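**Q** Let me give you the structure first, and then I'll get to my questions.
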């Protein structure tokens with residue numbers, strides 16, 4: 001098993017849902033790190049705050065926010081993730097929100113697997129520092 005980054009061609013051979021599987025973890029880890037560094041609080045409060053930032057509704061809004069900041073290739077990856085089939089929609093999100101959330105996760109997975117950690121951080125910082133993130137709302 002290789003631990004190096006994949007080429008764009010290799011990464012493009014993975015299904016969008018597979019990339020989203022990885023991207024979900026990447027995004028979740030960034031959120032957890034962000035919350036931990038924002039405030040030292042009980043785990044239950046951290047978890048509650050995390051849920052508000054990793055939910056389909058927030059990720060869908062983040063999708064809209066960053067779509068104008070992406071390169072042509074990143075936008076293609078994002079759209080590929082949005083158009084992926086096989087998503088089962090959770091009860092607390094509508095289908096369109098969930099597909100956009102999956103697209104965001106697909107992009108983060110793609111960027112991670114291709115070694116674009118600096119770009120991941122740029123996009124994450126843009127999202128987390130935007131008006132979408134209301135620290136009072138998430139309890140930080």
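The values are calculated or read from the model by the stated rules, or taken from the named source; none is laboratory data. Note that the coordinates shown come from a computational prediction; the quantities given were computed from them, not determined experimentally. A quick note on method: Cβ atoms are made from the backbone with ideal geometry, for glycine too, and the neighbour counts reach across all protein chains shown.
**Q** Scanning region 54-82 for residues that are under 16 Å from the mean Cα position of the chain (by Cα) and not in a helix (DSSP H, G or I), which turns out modelled with the lowest pLDDT?
**A** 55
**Q** On the given criteria, is residue 69 without any contact (Cβ under 8 Å) to a residue 40 or more places away in the chain and either farther than 20 Å from residue 15 by Cα or surrounded by fewer than 20 Cβ atoms within 10 Å (Cβ to Cβ) (or both)?
**A** On the way: without any contact (Cβ under 8 Å) to a residue 40 or more places away in the chain: no; either farther than 20 Å from residue 15 by Cα or surrounded by fewer than 20 Cβ atoms within 10 Å (Cβ to Cβ) (or both): yes.
The answer is no for residue 69.
**Q** Okay, next question. Taking the conditions exactly as written (surrounded by 14 or more Cβ atoms within 10 Å (Cβ to Cβ) and closer than 22 Å to residue 7 by Cα), does residue 114 satisfy them or not? First the steps, then the outcome.
**A** Numbers: surrounded by 14 or more Cβ atoms within 10 Å (Cβ to Cβ): yes; closer than 22 Å to residue 7 by Cα: yes.
So residue 114 passes the test.
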